[in-house]
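Presented below is the structure to which this report refers.
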Amino acid sequence: MTAIYGIIGWPLGHTLSPALHNWGFSRLSIDARYETFPLEPEGLPAFMDRVRTGEIRGLSVTIPHKRAVMARLDRITDRARRVGAVNTLFWDGDALCGENTDVIGVVAPLGRLPSLPGSALILGAGGAARAAVAGLLELGVADVAVANRTRAKAEGLAADFSVRVVDWAARMDESPGLICNTTPLGMSGANRDRSPWDADRFPEGCAAYDIVYNPLETRFLRDAAAAGCAVISGLEMFLHQGLAQFRLWTGRDMDEAGARALLLDALGGR
Ligand code: NAP
């Protein structure tokens with residue numbers, strides 16, 4: 001019988017996840033299908049009853065369910081517990097488990113840098129910032145700091161992870177080895193031509209990581225590359241969180257280069 005996977009979220013706008021996973025199933029001749037399940041918050045309990053029947057073999061979870069779903073699972077990984085959010089449901093035997101592969105998605109592309117940065121500054125303090133902080137600490141980055149427009153939110157995140165807070169207005173006085181943008185500045189739409197960092201303030205030798213992937217090359221990354229920084233686009237995070245989900249569900253690895261080409265194609269970057 002065809003195994004069913006999918007994504008829950010509300011509102012569930014356009015997502016690249018179905019294209020990625022269905023491509024992986026097809027390439028590896030796995031009899032499975034990945035569907036979209038738009039799900040309002042009130043619908044979560046009934047939907048989870050359906051998941052419990054075993055009909056659905058794995059799920060991606062997005063806003064607003066990432067926290068709420070945790071109370072409905074048998075087991076949560078230490079990583080997801082640290083972040084306080086689950087983005088992936090998978091079965092381990094009869095146990096319904098939750099993982100946070102956004103953390104894996106943040107960390108994996110950093111392996112391409114010539115060396116591990118000694119310090120990192122995270123811009124933003126929302127859900128993606130939590131995954132970024134957790135990932136950088138997992139990697140062993142010694143000095144992690146957070147700057148956010150609303151300082152109280154940065155303070156909350158910093159207290160949860162024992163990292164430093166930098167005032168948003170003073171962020172460019174820092175000289176981190178890695179600057180990671182998790183704000184929507186630079187995203188297509190009203191924020192498209194905006195960057196969270198001044199073009200002439202990139203520290204010598206720093207790397208710039210933008211988790212925004214639409215457009216593929218944000219103004220932040222363009223400015224950073226022009227300043228001589230190594231750059232990592234948000235496509236890499238998206239790709240690696242998806243590869244990690246696929247591995248949890250199927251025990252198999254999707255072809256990374258092929259999957260990247262598929263996503264680049266979908267985002268018009270090829
Ligand atoms: P979120 O929880 O809503 O957090 C957004 C953060 O950005 C908040 O800290 C907010 O600051 C800040 N922010 C918003 N507008 C700003 C502005 N004009 N100036 C300065 N700061 C601003 O969102 P999220 O879930 O963390 O997602 C953030 C971004 O990451 C989105 O663009 C999303 O598409 C992207 N993302 C990418 C991936 C991937 O796989 N590549 C995965 C997840 C998310 P305040 O606290 O002051 O409001």
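The values are calculated or read from the model by the stated rules, or taken from the named source; none is laboratory data. Every value quoted in this text rests on a predicted model; they were computed, and no experiment measured them. Virtual Cβ from ideal backbone geometry, glycine too; neighbours counted across all protein chains shown. Ligands, DNA and RNA are excluded from the accessible area calculation, which covers all protein heavy atoms including side chains. Shrake-Rupley method; radii C 1.70, N 1.55, O 1.52, S 1.80 Å.
Table for the structure above
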quantity: Residue count for segment 142-185, restricted to those that are more than 20 Å from the chain's Cα centre (by Cα), in a loop (DSSP other than H, G, I, E, B) and away from the ligand (no atom under 13 Å from the Cβ); calculated: 6
quantity: Count of residues meeting criterion [in a loop (DSSP other than H, G, I, E, B) and more than 9 Å from the ligand (Cβ to nearest atom)] in segment 93-136; calculated: 9
quantity: Qualifying residue in segment 16-36 (condition: under 28 Å from Ala134 (Cβ atoms) and loosely packed, with under 12 Cβ neighbours inside 10 Å); calculated: no
quantity: Leu262 being open to solvent by 20 Å² or more (accessible area, probe 1.4 Å), part of a helix (DSSP H, G or I), in contact with a strand residue (DSSP E or B) (Cβ under 7 Å, 6 or more places away or on another chain) and more than 13 Å from the ligand (Cβ to nearest atom); calculated: no
quantity: Selection status of Leu44, over 20 Å from the mean Cα position of the chain (by Cα), more than 11 Å from the ligand (Cβ to nearest atom) and of a type in the set (A, V, I, L, M); calculated: yes
quantity: Residue among Asp193, Asp210, Asp173 that alone is crowded, with 21+ Cβ neighbours inside 10 Å, charged (D, E, K, R) and free of Cβ contacts under 8 Å to residues at least 60 places away in the same chain; calculated: Asp210
